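The values are calculated or read from the model by the stated rules, or taken from the named source; none is laboratory data. Note that this is a predicted model, so its numbers are computed, not measured. When we count neighbours, we look across all protein chains shown, and the Cβ atoms used for this are built from the backbone with ideal geometry, even at glycine. When the accessible area is computed, the model is the full protein with side chains, heavy atoms only, and any ligands, DNA or RNA have been set aside. Shrake-Rupley method; radii C 1.70, N 1.55, O 1.52, S 1.80 Å.
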Amino acid sequence: DGTGMVHLIDDSGCFTKEVPDFMGQHVKAADKDIKEKLKKENKLVFNGTEVHNYPHCWRSDTPLIYRAIPSWFIKVEEAREKLIANNNQTYWVPSFVKEKRFHNWLTEARDWCVSRNRYWGTPIPLWVSSDFEEVVCIGSVAELEKYAGREIKDLHRHFIDDIQIPSQKGKGMLKRVDEVFDCWFESGSMPYGSKHYPFEGKEEFEKGFPAQFIAEGLDQTRGWFYTLMVLGTHLFNKPPFQNLIVNGMVLAADGKKMSKRLKNYPDPQEVVERYGADAVRMYMLNSGVVRAEILKFKEEGVRDVVKDVFLPWYNAYRFLVQESFRYEANAQKFKPDPAKVKASSNHMDQWIFASMHELIRFVREEMEAYRLYTVVPRLVSFLDDLTNWYVRLNRDRMRGSNGMDEAFTSLSALYEVLLNVTVCLAPVVPFITELIYSNLVRALPDGHPMKAKSVHFVMIPEPDMKAINPEITQAVRRMQSVVELGRTCRERRKVGLKMPLKSMTIMNKNEAFMKDVKALQKYIEEELNVVEVNFRADAEITLSGTLNFKELGKRLGKDMKAVKDAVTNLSQPELVDFEKTGSITVQGHKLSGDDIQLSRKLKDLDNPNLDVNGDDETQVILDFTEDEDLKLMAVARDIVNKVQKMRKDTKLMQDDPVDMWAEVRPGKKSKGLVRKSMTAKRDYIIKLLRRGLWDSSTRQGHEVLVNEESFVIQDDDELVVSITVRGPFFNPSAMKELTKNDPAAEAACRGYLQTFDLEGLSQFCKKNTAKVTFDGKTFEMKHDKHFVIGPSEASWLK
């Protein structure tokens, strides 16, 4: 119990009179003198320096000294079995912290020292006699006021240390002990102290104890989690919480602790101002830190959340808003209909709708199990499917290329998915979800269960289990796998998607796989820009293995050459077995994982224009053979890309009333491909642009110019593109016939219509006629015969 303990060091870390040879010297400064004394007495065995970690004061950065002092303890050792039993009633994520780290700590728990020798802190409410044989523990302010004879408003020690309590055993006056509580005692008392239990809020406390959920860092295993459990067990023999998420530690990018002194981390306020709080939240929640792992915080990770998640997600939302306006301009008010989506026969609608309900089911299930580390990655993956697959493959359909009914169905699907995923993401990224939801909710009818003042008032909906369709999900995954294989072929050949390819051959022996892929063939053609897709079941593949020399160099040493030769001569059955099991022994060395890199080759495939890629089941062959027609298509795509970028730079909206014109100016080394593409692939260009690109020679001179730019195509030819405000477009031959070849009369007729804006011109179109009187003569111009609005309506150009 410490009785008779000799104090060799005082409060300043200096030796006391109990060590006369070094009295008054600081223990660290005395090292040299101690070694000198030992040497003189022939007791020095070894004199050297060992470099090792040593605790330092985090404020002054000076070495700390462990010094035995009298302290107050709470009995813990006798309650170990109860602590373990109560711990077993709790649920932790991840579970290994409870079952290993915390359980092991409880089995070896020692009595808890709760006193600290400081001035500031919560005073320990013990009044004792000078010999410590009489101890009075004060249980309330009211009780202390009785002894003090005054009202006590502040419990800090300088307000109560003067209070003395008469001894009941004739030992004079009892005085308060000098120590204050360890702050962890206060933290462990949080469930009771926060409710001022038991003096008030007793009913409220009893309803909410134990707490349903708490969360803190891994370092609290021996801190808050422990003190909560000790006090809960001692007071109520109950665990103070039911569910617990253990967070890992956030370190600086170099793996060291974040230090204000070292400034080895970015300023959090600046990171939030630069990228937003949502980006920081998602970056951290999408890391191992929510499953008790270490996170080396990197600002680039926060930036990537904005770039890779938020921007595509917001662009999909913005696309929905833009295209719903277009739909309303061409059809009727957009009122999303989930029943229409559910009944859709479109494979991609079925897939995204099924994936959404599977996501909702997963999120509810995992959130109820407190597994945040599975929820956020799944939400991010779904956003990738939505933006990079569904929206990308249905963009034209939403714009009405397949008719207004199809546009409505696909827009309804996008709306339904965005609404639900926004609600699911609200706990993770509360600000961007509130922004998106506040606009989406306007399309919901009054009384709808997902209509509220805030997204944070909306419960995550119940999944529609009937809508979950594993078959369509598998079919789309198979299509995606084929597209990814094809993309790899293009990347290897360094041939971009703008260059169309002659053909693609897909080989798989699984009939169900081939059926699924055939049903989604058009998406493969669009994504990989191939003219033709062929299907074959038969494919004889040979495997070959290559050693990972970088990884195996040190391990194999002088045996490297022998192992390399042996791997080169491995039989097909041996390579197939390695692929299945992931392990093989060669020349006495066990090779596994990435030690051997396998590659596939189709037997008897010697055409250098063919590129093969595959996985365990599927092989794809892309034909990179060039011909003039493919080159013309590639030029057409290049033209479209330049025009689309120009429209974006001009800040045009999709439905802005403008017309576009193009002129080809051949260069000195022109091969004529640009002019030929503009002619032969005109329909292809219009299809990709989703609007006309007219020959500049058909411009009539009165158009109002918005922008004009020139581009170099095919390293030589110059393409000049002009954008003009849409206005009246005249039929030259019909106008000459109307005015009897009178240039002045024709100019007057043209000039009259040019004074009207689009709305005014539309009125003439409805009347089907416009009358102009010039030089005593009246000319009646008829819509569709003499004039139209813009060249796209001009039947005489087609």
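Annotations
- Dipole-positive endmost among 388, 284, 269 within the chain (Cβ charges, Cα centre): 388
- Cβ-Cβ FRET estimate between residue 345 and residue 680, R0 fixed at 25 Å, reported to 0.05: 0.10
- Cut-off 15 Å (backbone N to label point 7 Å along Cα→Cβ of residue 104), residues of the range 203-241: 219, 221-222
- Converting phi to 3J(HN,Hα) with the Karplus coefficients 6.51, -1.76 and 1.60 and the offset θ = phi - 60°, the range 121-138 yields x, 7, x, 5, x, 10, 10, 10, 7, 5, 9, 6, 7, 10, 10, 10, 9, 7 Hz in sequence order, with x at every glycine or proline.
- Computed over the range 314-441, the Cα gyration tensor eigenvalues convert (square root of 5λ each) into semi-axes of 26, 16, 12 Å, ordered from largest to smallest.
- Among the listed pairs 648/671; 75/256; 642/681, those beyond 27 Å (Cα-Cα): 648/671; 75/256
- Under 22 Å from the Cα of residue 207 - lysines, other chains or at least 8 residues apart: 195, 238
- The alpha-carbon of residue 40 sits under 25 angstrom from the alpha-carbons of these lysines, leaving out residues fewer than 8 places away in its chain: 17, 28, 32.
- Selection from 570, 223, 104, by position along the positive dipole direction of the chain (Cβ): 570
- With the whole protein complex present, residue 147 retains an accessible surface near 100 Å², based on a 1.4 Å probe.
- 3J(HN,Hα) along the range 291-300: 10, 6, 9, 7, 10, 8, 5, 10, 4, 4 Hz, from the Karplus curve 6.51 cos²θ - 1.76 cosθ + 1.60 with θ = phi - 60°, whole Hz, x for Gly and Pro.
- Placing unit charges on the Cβ atoms only, positive for Lys and Arg and negative for Asp and Glu, gives the chain a dipole magnitude near 1220 debye about its Cα centre.
- Treating each Cα of the range 514-566 as an identical point scatterer and summing with the Debye formula, the log10 of I(q)/I(0) at q = 0.13, 0.22, 0.25 Å⁻¹ comes to -0.61, -0.85, -1.01.
- Among the trypsin sites (Lys or Arg not before Pro) found in the range 60-104, those both in a DSSP coil and sparsely packed, with 14 or fewer other Cβ atoms within 10 Å of their Cβ, are 67, 75.
- Cα centroids of the range 234-280 and the range 609-638: 49 Å apart.
- Each of (1) 58.2; (2) 39.6; (3) 41.2 is a candidate for mean projected area of the Cα convex hull in nm²; the one calculated from this structure is (1).
- In this structure the amide hydrogen of residue 211, modeled in the peptide plane, comes within under 5 Å of the amide hydrogens of 241, 242, none closer than 5 places in sequence on its chain.
- Within the accessible area of the range 117-205 (1.4 Å probe), percent carbon and sulfur: 53
- Estimated distance in nm for a label pair at residue 294 and residue 272, the labels positioned 7 Å out from Cα along Cα-to-Cβ: 2.7
- Helix-only [θ]222 nm of the chain, DSSP H runs n ≥ 4, -39500 (n - 2.57) each, per residue, nearest 500: -12000 deg cm²/dmol
- Measuring nothing but protein heavy atoms, the accessible surface of the range 489-530 at 1.4 Å probe radius is 48 percent carbon and sulfur.
- DSSP bridge analysis restricted to the chain gives an antiparallel fraction near 75%, rounded to the nearest 5.
- Within-14-Å neighbourhood charge of residue 250 [Cβ basis; K, R +1; D, E -1]: +1
- Gain upon complete extension [residue 11, residue 175; 0.36 nm per residue less C-alpha separation]: 56.8 nm
- A DSSP coil position with no more than 15 other Cβ atoms inside 10 Å describes the following GluC sites (Glu not before Pro) in the range 81-159: 108, 133, 151.
- One Cα centroid belongs to the range 678-727, the other to the range 110-181; the line between them spans 90 Å.
- Membrane-span-like helices in the chain, defined purely by DSSP H runs whose alpha carbon atoms cover 30 Å or more axially and whose average Kyte-Doolittle hydropathy reaches 0.0, are 404-425.
- Cα-centred dipole magnitude for the range 462-546, charges only on beta-carbon of K, R (+1) and D, E (-1), debye, nearest 20: 420
- Taking other residues whose beta carbon is less than 12 angstrom from the beta carbon of residue 33, and scoring Lys, Arg as +1 and Asp, Glu as -1, yields +3.
- Candidate lysines for bridging to residue 263, where Cα separation is under 26 Å - those fewer than 8 sequence places away on the same chain excluded: 296, 298
- Cα→Cβ-extended label distance, 7 Å offset, between residue 402 and residue 41, nm: 9.4
- Amide H contacts under 5 Å for residue 25, placed H, 5+ residues apart: 15
- Maximal additional length on extending the residue 768-residue 366 stretch stands at 138.3 nm, based on 0.36 nm per residue less the C-alpha distance.
- Excluding ligands, DNA and RNA, the accessible surface per residue across the chain is 56 Å² with a 1.4 Å probe.
- Label sites at residue 190 and residue 780, each approximated as a point 7 angstrom past Cα along Cα to Cβ, lie 8.8 nm apart.
- Accessible surface of the range 585-700, 1.4 Å probe: 44 percent of it comes from carbon and sulfur atoms.
- Highest mean first, the peptides 322-333, 291-302 sorted by other C-beta atoms within 10 Å per residue fall in the order 291-302, 322-333.
- Farthest positive-ward along the chain dipole, Cα basis, beta-carbon charges - from 747, 160, 721: 747
- Taken about its Cα centre, the range 228-339 carries a charge dipole of about 360 debye when Lys and Arg each add +1 at the Cβ and Asp and Glu each add -1 at the Cβ.
- If R0 is taken as 22 Å, the Cβ-Cβ distance between residue 512 and residue 388 corresponds to a FRET efficiency of 0.30.
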